[in-house]
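First up is the structure itself, then whatever we jot down about it.
The values are calculated or read from the model by the stated rules, or taken from the named source; none is laboratory data. Predicted model, so just to flag it, every value in this text is computed and none were measured. As a convention, Cβ positions derive from the backbone with ideal geometry for all residues, glycine included, and neighbour counts pool all protein chains shown. Accessible surface is based on the protein model in full, side chains and every heavy atom, while ligands, DNA and RNA are left aside. Shrake-Rupley method; radii C 1.70, N 1.55, O 1.52, S 1.80 Å.
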Amino acid sequence: VGEGRHRESGQGRRHLARNIAIPILLLASNYCALTESFTVPVHCINHGAKHRGLARQLPPSTARSSTTITTLSASTIATTTSSTAAGAGTRMPINENHQGLTLVNSDPDVYVIREFLPPASCDDLVARARTKGTERSPVAYAGWTSDIKDLLGLAASGPVSWGAILGAWYEARDDGDGASVLGLVLHALRNYVGLFAFALVGIAAFTKVRADGLRDLRTSSSTTLDDLSQLGARDFVTRASELFGDPASSSSSSLPHPASYFEAPTVIRYEEGQVLAPHYDANRSADVEDANRGGQTLSTLIVYLNDVAYGGTTKFGKLPPSPNTDSQVEGSVNLEIVPRKGDALLFFPADARGRFDERTEHEGCPAVDEKWIARIWRHAARVNPPFGLDDSLIEDHL
């Protein structure tokens, strides 16, 4: 009887080992698939087009300066083939009657605004940025909290759990009839703790490598201009406020001024060869990671501050070309906008409720000639200094 029981136990352990090995291989393949989703896509870039003497360019739309940080994430940079409209709803409201507003793509809405800023304001923004000085545009790893959570969940429920069980079986295999359920459990718990700690170290290293790699995706320099006594910054914020809301109505009520939802204007400089890789301006983890800067980015407003002969177009790789504007790059298979001095580009990285819209993936194609842009991000909630504008400046100058 004892011999039969021992033989049955050995056969059961062989079945257990086989049943464990198969899930481990499947989990490992899933892990590889997950890490492959972090691969940065390579997009074909048209950077030599010229349009009526003006550069077909657009400065990359998400840059930040010493106080503003471009948020790029491995998960958001990855190109997906899933339904890009999933979960996205109605965008935030704007002044549909704003002068020069032209719809170049519908659902998601993308607008070009002709002559949004006068030349004098564009020149002032460039001159002030030159005087203040620009630094390499910082890049933050947006979505890192979600990525770590996903990786930890995968590790805890997959390789760590099965590794702990397999290790416990291996350690107890020589115990023979002396093996007990309690012993197996203790072995498994000890192994689980050790493997989980090892997984934590690996995930931390992986996240660090990804964060370091994101810095190479943005090569511009930038600075913020939050002094509204200056012509360029004041004019930019004033016109953005008119676009996103009526300042008069907010000043006569308890509602915050529209500019209180803005990050301070950021001026970005692109020299020859500098780019911004395909990315999104919204953050899937904005409620946690961007809580100190107004939460989710609901709208991006870019103004082109100079004319550039070649390069630097703005391309939306998931949207078709537009027949509604002469700002469209001829021959491009995607929505690709020609920047003109004073013109603006407006789009919505998330819907009015803050839900991420994958269709707004865009890139700043390589600059051939120097180009300058200014950008305002409109957030879901008030943005306090140092990221936003001081209330006293808004009251005094707007």
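If you take just the strands (runs of 3 or more DSSP E) that sit entirely in the stretch 292-394, which of them hold at least 1 residues that are among the hydroxyl-bearing types (S, T, Y), open to solvent by less than 50 Å² (accessible area, probe 1.4 Å) and at pLDDT 95 or above?
Ranges flagged: 297-304.
Examine the stretch 265-278 for a residue that is surrounded by 24 or more Cβ atoms within 10 Å (Cβ to Cβ) and either charged (D, E, K, R) or over 18 Å from S137 (Cβ atoms) (or both), and state whether such a residue exists.
No, because not a single residue in the stretch 265-278 is surrounded by 24 or more Cβ atoms within 10 Å (Cβ to Cβ) and either charged (D, E, K, R) or over 18 Å from S137 (Cβ atoms) (or both).
Kindly provide the set of residues from the stretch 262-291 that are outside any helix (DSSP H, G or I) and within 14 Å of the chain's Cα centre (by Cα), ordered by number.
L276, A277, P278, H279, Y280, D281, A282, N283, R284, S285, D290
Taking only pairs six or more apart or across chains, which ones have beta-carbon atoms under 7 Å, a first residue in the stretch 278-300 that is under 18 Å from S260 (Cα atoms) and in contact (Cβ under 8 Å) with a residue 24 or more places away in the chain, and a second residue that is open to solvent by 10 Å² or more (accessible area, probe 1.4 Å) and part of a strand (DSSP E or B)?
Hits for this filter: L298/R378; S299/R378.
Spot the failing condition for G176; the list is (1) at pLDDT below 65; (2) open to solvent by 30 Å² or more (accessible area, probe 1.4 Å); (3) more than 30 Å from T224 (Cα to Cα), and only one is missed.
It is condition (2) that G176 fails.
Which of (1) over 20 Å from L101 (Cβ atoms); (2) more than 13 Å from the chain's Cα centre (by Cα) does L319 not meet, given it meets every other one?
Just one mismatch for L319, condition (1).
For residues that are modelled with pLDDT of 95 or more, touching a helix residue (DSSP H, G or I) at 6+ places or on another chain (Cβ under 7 Å) and surrounded by 20 or more Cβ atoms within 10 Å (Cβ to Cβ), scanning just the stretch 123-161, find the one that is farthest from L276 (Cα to Cα).
D124
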